[in-house]
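Read through the structure below, which is laid out as structure tokens, and then see the notes.
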Amino acid sequence: MRRPPLLVAALLLGGCSGEQSALDPAGVHSGAVLHLFGLFFWICLLAFALVIAFLAVAMLQARRVDAAQSERTEHDAIASRLLRGWIVFIIVGLLILTLGSYFTDRNLALAAPDTGQSNRVPIRIKLTGQQWWWQVEYEDPNASQQIRTANELHLPVGVPVHIRLESIDVIHSFWVPNLAGKQDMIPGRHNDIELLPTRAGHYRSQCAEFCGLQHAHMALDVVIEPMADWLKWRAQSIQPAKAPAGAEEKAGYAYFMEHQCSACHSITGTPAFGTVGPDLTHFASRPSIGAGTMPNTRGHLEAWIANPQGVKEGNHMPYLAVPPDKLHALGAYLRSLS
Amino acid sequence: MCSRFLAGSTMMAMLLLSACQREQRQSSGQPLAETAPASVQLPSVLIAGSRPAPTDPRGRLYEGNAYFLNEGQRLFEQFNCTGCHAHGGGDIGPPLMDDEWRYGGQMDQIVASIAYGRPNGMPSFADKLTEQQMWQIAAYVRSMSGNVPKDVASSRADELASTPSLTRTPRQPIRGEAGGGLQGVAP
């Protein structure tokens, strides 16, 4: 019976750091907000401690009702001095909090890459939320340099990122707690958010606006890496998909192109150019399947294709009745798309 | 007094329960009442002198369900039906909102048109859509001309519409419909 409180405490502490935590900043914006959070926390903690202390003193004093008259007046004088101090504390404390908020807000606005404070050209990304996955498009004036992928966001350390947020169906919300605050994705208009990552790592973003049945399974893998690694990823992602090699992969390729798969999914360099579902050009290099629902392994992939509604019920991929041998072939082909 | 109240509340409860069926979802498994793959009847157009084929009972299940209509509407956009039929008004493809049908306006006839294509440009979607998706699109197509139950149709169009939504207007009889309709006869 003694374990639950310990467990709760461990869980609370565990929440402070990690791949989805605003208290473990990996970007300029979340770092500034964390400082502000610390300021608020310590001032409010002090106020709380003082209130509790006054209350405790008052309760102890209340027991001594039979105190002498002279003692009472002496106490009243102390109390009135303390009250004056309390008023000064409230005024100064609120002033500090207000000024802290104001300057943090100004700093965040200046950290925006568009104001030209940073000497690097920002990376421009269009992020489209849909039920229940994310379409990620790296924009470039040169069409051959554009990248389209899904449910993964690769960013280099130290380069500002400008993300244009859109939605095609309902309101979603983009939130990488380790990098910055939330920003809604609203159908029919666009919102913008700026990020400036400072630390490499693997982080997780989760849709932060209830968007339907599978809102909980709408996650985005955010990989922040050193510039060299990011350039390598980019060069790889611009390439068209690998041609199928073995007999099994070729059978999978043929099935993909001849059946419903290619009507919704696109694979660059093949006749598949559907735009309804996620792009699969470099599917095997992604960490997860179904917008963070399952790890990207061949077993999970084939389970997903066999019954897309089994794990993530209600998603828009229909049941396809793929015969078992074709299922394995599809698994082999898609896992070869690194 | 008491029995009246009881009867009234029972009726209200029944009404509320019936509303649950309006958008019951079937997201997994085989299409509704599916027996065999591609069981869509091929040419289901009435040819003079022949007896009409019995209508597929699945049609009623699909067109009586708000969820399927909604999915059909989404797929209608995503598979670019609007490219030829516009939003039902017709463009290089025939209009779909006038309740006049070249190849039949029953659910299974529309599914056959989608699955196998039709002369003069309608492509086949047999290997692009699953059968369940074709039924969903057919139900949405029928809703454009006011042929689905009113409580199921969407109360709001995603695109500009020249007429109020189906749930707001009584359906106007369209010419040639007086005697139960001539649906299925090619003009």
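Scanning the stretch A:314-333 for residues that are under 20 Å from A:Asp221 (Cβ atoms) and either of a type outside the set (Val, Ile, Thr) or free of Cβ contacts under 8 Å to residues at least 60 places away in the same chain (or both) turns up at least one hit.
Yes/no per residue for (1) among the small types (Gly, Ala, Ser); (2) part of a loop (DSSP other than H, G, I, E, B); (3) farther than 21 Å from A:Ala284 by Cα:
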| position | (1), (2), (3) |
| --- | --- |
| A:Ser144 | yes, no, yes |
| A:His154 | no, no, no |
| A:Gly158 | yes, yes, yes |
| A:Val170 | no, yes, yes |
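Could you say whether any residue in the stretch A:230-240 is among the hydrophobic types (A, V, I, L, M, F, W, C) and farther than 20 Å from A:Ala200 by Cβ? Within the stretch A:230-240, one or more residues are among the hydrophobic types (A, V, I, L, M, F, W, C) and farther than 20 Å from A:Ala200 by Cβ. Would you be able to say whether some residue in the stretch B:50-67 is touching a residue at least 40 places away in the same chain (Cβ under 8 Å), in contact with a Leu (Cβ under 6 Å, 6 or more places away or on another chain), away from chain A (no Cβ under 14 Å) and surrounded by fewer than 17 Cβ atoms within 10 Å (Cβ to Cβ)? Yes, the stretch B:50-67 contains at least one residue that is touching a residue at least 40 places away in the same chain (Cβ under 8 Å), in contact with a Leu (Cβ under 6 Å, 6 or more places away or on another chain), away from chain A (no Cβ under 14 Å) and surrounded by fewer than 17 Cβ atoms within 10 Å (Cβ to Cβ). For the stretch A:193-224, a residue qualifies if it is in a strand (DSSP E or B) and surrounded by fewer than 20 Cβ atoms within 10 Å (Cβ to Cβ), and the qualifying residues are A:Gly201, A:His202, A:Arg204, A:Gln206, A:Val223. Can you find, within the stretch A:95-111, the residue that is farthest from A:Ile43 (Cα to Cα) among those that are in contact (Cβ under 8 Å) with a residue 24 or more places away in the chain and over 22 Å from the mean Cα position of the chain (by Cα)? Here the answer is A:Ser101.
Scanning the stretch B:98-114 for any residue that is surrounded by 21 or more Cβ atoms within 10 Å (Cβ to Cβ), in contact with a helix residue (DSSP H, G or I) (Cβ under 7 Å, 6 or more places away or on another chain) and within 14 Å of chain A (Cβ to nearest Cβ) turns up at least one such residue. The conditions of being in a helix (DSSP H, G or I), more than 20 Å from A:Tyr319 (Cβ to Cβ), in contact with an Asp or Glu (Cβ under 9 Å, 6 or more places away or on another chain) and away from chain A (no Cβ under 12 Å) are met by B:Gly83. Condition check for A:Thr275 on (1) hydroxyl-bearing (Ser, Thr, Tyr); (2) within 14 Å of chain B (Cβ to nearest Cβ); (3) buried (at least 17 other Cβ atoms within 10 Å of the Cβ): one failure, at (3). Scanning the stretch A:322-336 for residues that are surrounded by fewer than 16 Cβ atoms within 10 Å (Cβ to Cβ) and within 14 Å of chain B (Cβ to nearest Cβ) yields a single hit, A:Pro323.
Do we have any residue at all in the stretch A:250-263 that's at pLDDT 90 or above, closer than 25 Å to A:Arg164 by Cα, more than 14 Å from every other protein chain (Cβ to nearest Cβ) and touching a Phe, Trp or Tyr at 6+ places or on another chain (Cβ under 9 Å)? Within the stretch A:250-263, none of the residues are at pLDDT 90 or above, closer than 25 Å to A:Arg164 by Cα, more than 14 Å from every other protein chain (Cβ to nearest Cβ) and touching a Phe, Trp or Tyr at 6+ places or on another chain (Cβ under 9 Å).
The values are calculated or read from the model by the stated rules, or taken from the named source; none is laboratory data. Computed from a predicted model, the values in this text were never measured in an experiment. So basically every Cβ, Gly included, is an ideal-geometry build from the backbone, and we count neighbours across all protein chains shown.
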